[in-house]
Amino acid sequence: QVDAYAVVALGSPFNPAHETRLVELVREKTNSPVVCGIEFSRELDSVKRAMTALFNARLTPLVQQFIRTMQQLLSGRGVTAPLMVVKGDGHLIRAELAMEHPIETVLSGPAASFIGARHLSGYQDGIVLDIGGTTTDIAVLKDGVPHIDPKGAVVAGWRMNVRAAEIHTSGLGGDSHFRLNPHNEITVGPQRVIPLAFA
């Protein structure tokens, strides 16, 4: 079973014909989503393009199901406004584009938090901490926007061809498990302590 396809060819920044033809063939033979690496970058770094396309393909069925569920819920409540999704750089895109390029939504949660912090505080410059259940994300706001990592976002240790806020993440969150070892040293995580309220 294949949920989505990613097509990346060596040398496609010079000549994308192989990639685009393979995408056409996949579309002719299947009903599954397909994306090619050249859609994300014309850089010569084929590994970076391949990882971006691969992660995008992996996210596609999950994000499509999530967005379709949200659209059904909103429609069921009479909401007819277009659904917008936050990108990793804090900008908004239409849900239809997010379903095709879900990799663009990587780090969108922290990015949205930082834009929200700017709005709520009224400050255009500052350091924002987003403390969640499992991690704490830190970013610098300058002129009202988070600094964008010029090299692209890092996902699972791989550099992607995706514009995203430059965010430092620490594995310390509201649900982090703190322990004191026999030498009176504190260790944090990676386990979580689920609050009693969840029960």
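The values are calculated or read from the model by the stated rules, or taken from the named source; none is laboratory data. Fair warning: this is a prediction, and the values are worked out from it, not measured in the lab. Every residue, glycine as well, gets a Cβ built from its backbone with ideal geometry; the counts of neighbours run over all protein chains shown. For the accessible areas, the whole protein counts, side chains as well, though only heavy atoms, and no ligand, DNA or RNA atoms are used. Shrake-Rupley method; radii C 1.70, N 1.55, O 1.52, S 1.80 Å.
Residue selection: Ala117 satisfies the criterion of being in contact with a Leu (Cβ under 8 Å, 6 or more places away or on another chain), touching a residue at least 24 places away in the same chain (Cβ under 8 Å), open to solvent by less than 70 Å² (accessible area, probe 1.4 Å) and more than 30 Å from Cys36 (Cα to Cα). For region 169-181, which positions are farther than 26 Å from His119 by Cα and assigned to a strand (DSSP E or B)? Hits for region 169-181 are Ser176, His177, Phe178, Arg179, Leu180. Residue-level check: of (1) modelled with pLDDT of 90 or more; (2) out of contact with any helix residue (DSSP H, G or I) (no Cβ under 6 Å at 6 or more places or on another chain), Glu39 misses just (1).
Output the qualifying pairs, or none if there are none: Cβ atoms under 8 angstrom, residues six or more apart or on different chains, first residue in region 30-42 and small (Gly, Ala, Ser), second residue in a strand (DSSP E or B) and open to solvent by less than 20 Å² (accessible area, probe 1.4 Å). If the second residue must be in a strand (DSSP E or B) and open to solvent by less than 20 Å² (accessible area, probe 1.4 Å), the pairs left are Gly37/Val7.
For Gly152, the test of being under 21 Å from Leu59 (Cβ atoms) and touching a residue at least 40 places away in the same chain (Cβ under 8 Å) is passed. Pairs needed: first member in region 91-104, at negative phi; second member anywhere, buried (at least 24 other Cβ atoms within 10 Å of the Cβ) and assigned to a strand (DSSP E or B); C-beta distance under 9 Å; at least 6 residues apart or different chains. Listed pairs, sorted by first residue: Glu100/Val35; His101/Val35; Ile103/Val35.
Taken as a whole, the structure places Val23 among residues that are among the β-branched types (Val, Ile, Thr), assigned to a helix (DSSP H, G or I), over 19 Å from Lys87 (Cβ atoms) and open to solvent by less than 80 Å² (accessible area, probe 1.4 Å). If you go through region 135-168 and keep only what is assigned to a strand (DSSP E or B), under 23 Å from Asp125 (Cα atoms) and open to solvent by 70 Å² or more (accessible area, probe 1.4 Å), you end up with Val140, Lys142, Val145, His168. Among the residues of region 60-81, those that are among the polar types (S, T, N, Q) and either open to solvent by less than 90 Å² (accessible area, probe 1.4 Å) or under 30 Å from Ala6 (Cα atoms) (or both) comprise Thr60, Gln64, Gln65, Thr69, Gln71, Gln72, Ser75.
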